[in-house]
Structure formats: structure tokens, C-alpha cells
Amino acid sequence: MKKMNSAYRLRIIKEVATRRRLTAQDDPMANHISQLLDSHSGGGSHTEPLNFSGSHYDERIGGWVSNFWDMK
């Protein structure tokens, strides 16, 4: 087995420590955000449309666009 890179090893230790601290504090919002980040860390494209407060995410331009601009 190869020896891990020290920077990678430190990053893993930090992630484990952060996760343990969040679960020990039992903060529901922090746990929810942590679960969201973990579920989206796999990458890939989104299959569901991204909408937020009267705006949508346009992958062609790589940003948020108002829904009013699409009205004809």
C-alpha cells in the first residue's frame, strides 16, 4: 500500500474532525448543510431544474438568470 500524501492526509483528518464536531453539537441546520454538501460532492450534471426565488440557473452562461427574461 502506498503512503498517503501528507496534504491529502491532513485534509482527511480535518474533514473527519469537522464531521465529528458537527454531529456532537447536534445542530440540525449544520447537519442538514453537511448532508447536502456530501450528497452533491459526487459531481456530475444536475437532472432537476435549478430554481431560486424568481430565477433559474442557465448552464449555457454559467449563472443565474431572472425568470422574467424568458417571458415573451
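The values are calculated or read from the model by the stated rules, or taken from the named source; none is laboratory data. In this text, all values refer to a predicted model and were calculated from it rather than measured experimentally. Here the Cβ positions follow ideal geometry from the backbone for every residue, glycine too, while neighbour counts run over all protein chains shown. Ligands, DNA and RNA are excluded from the accessible area calculation, which covers all protein heavy atoms including side chains. Shrake-Rupley method; radii C 1.70, N 1.55, O 1.52, S 1.80 Å.
Some points to look at:
- Solvent exposure, largest accessible area first (probe 1.4 Å, DNA, RNA and ligands not counted), of Leu22, Leu36: Leu36, Leu22
- Accessible area, probe 1.4 Å, largest first, for residues Glu15, Glu59: Glu59, Glu15
- Segments 27-34, 5-12 sorted - mean Cβ within 10 Å per residue, highest first: 27-34, 5-12
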